[in-house]
Amino acid sequence: MTPRLHLAAASVLAVALVAFYAPHSARAAEAAHKHAPKAATETSADTETDTETETETETETEADTESETGAETETETKPPIPRTPRPAEAKLFIISPQNGDTVSSPVTVRFGLTGMEVAPAGTATPNTGHHHLIIDSPVPAFDAPLPKDDRHLHFGAGQTEASVALMPGKHRLQLVLADKDHVPHDPPLVSDPITITVK
């Protein structure tokens, strides 16, 4: 074979090889390009998610700790409400109506007290207090001012009787004496309850 034929054959072979391998190389490069950034992106996203979760958990834990600490501090630092002493022999009672009476509304309720004196709310004189009438309700806590509503009537002007409008039916009445700040004495002075029927 002549040198020119050898050269022509070599050229044809080279072209054929380039045509065969070029597409495969392009596909391989493209595949490498697609997979490499995706893996990096997913790794980065996972890392950011983990970091955000850890940060949120730490923040919530710190907030809960601060809240609990604040509640404990508030409870611990709350001072007790002072209570006024009273004579051991003092007695409180309802003069009228009597237990078991049937009455008409409005009902005149008369308050009885011995061993102490009645004084308006705000009066700091020892061995004094003012009346509170409890209607159809248990006696409230003794370590706080008595509530004031339609079941807890205050007579802060020093009244010793009251006209009370009641619905027909049975009702439970009870007196509590309280100091200048509407706080029951120490020990508390409470009357025996009575039950009446309003016709």
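Odds and ends about this structure:
- Matching residues, segment 75-113, being charged (D, E, K, R) and closer than 12 Å to E161 by Cα: R110
- Any hit, segment 142-161, residues being of a type in the set (G, A, S) and part of a strand (DSSP E or B): no
- The set of residues in segment 116-165 that are among the acidic types (D, E), touching a strand residue (DSSP E or B) at 6+ places or on another chain (Cβ under 7 Å) and either in contact (Cβ under 8 Å) with a residue 40 or more places away in the chain or under 15 Å from T84 (Cα atoms) (or both) comprises E117, E161.
- Qualifying residue in segment 77-88 (condition: of a type in the set (K, R), at pLDDT 95 or above and in a strand (DSSP E or B)): no
- Taking segment 135-156 as the range and being surrounded by 15 or more Cβ atoms within 10 Å (Cβ to Cβ) and hydrophobic (A, V, I, L, M, F, W, C) as the test, the residues that pass are I135, V139, F142, L146, L153, F155.
- Scanning segment 158-172 for residues that are loosely packed, with under 15 Cβ neighbours inside 10 Å and among the polar types (S, T, N, Q) yields a count of 2.
The values are calculated or read from the model by the stated rules, or taken from the named source; none is laboratory data. In this text, all values refer to a predicted model and were calculated from it rather than measured experimentally. Virtual Cβ from ideal backbone geometry, glycine too; neighbours counted across all protein chains shown.
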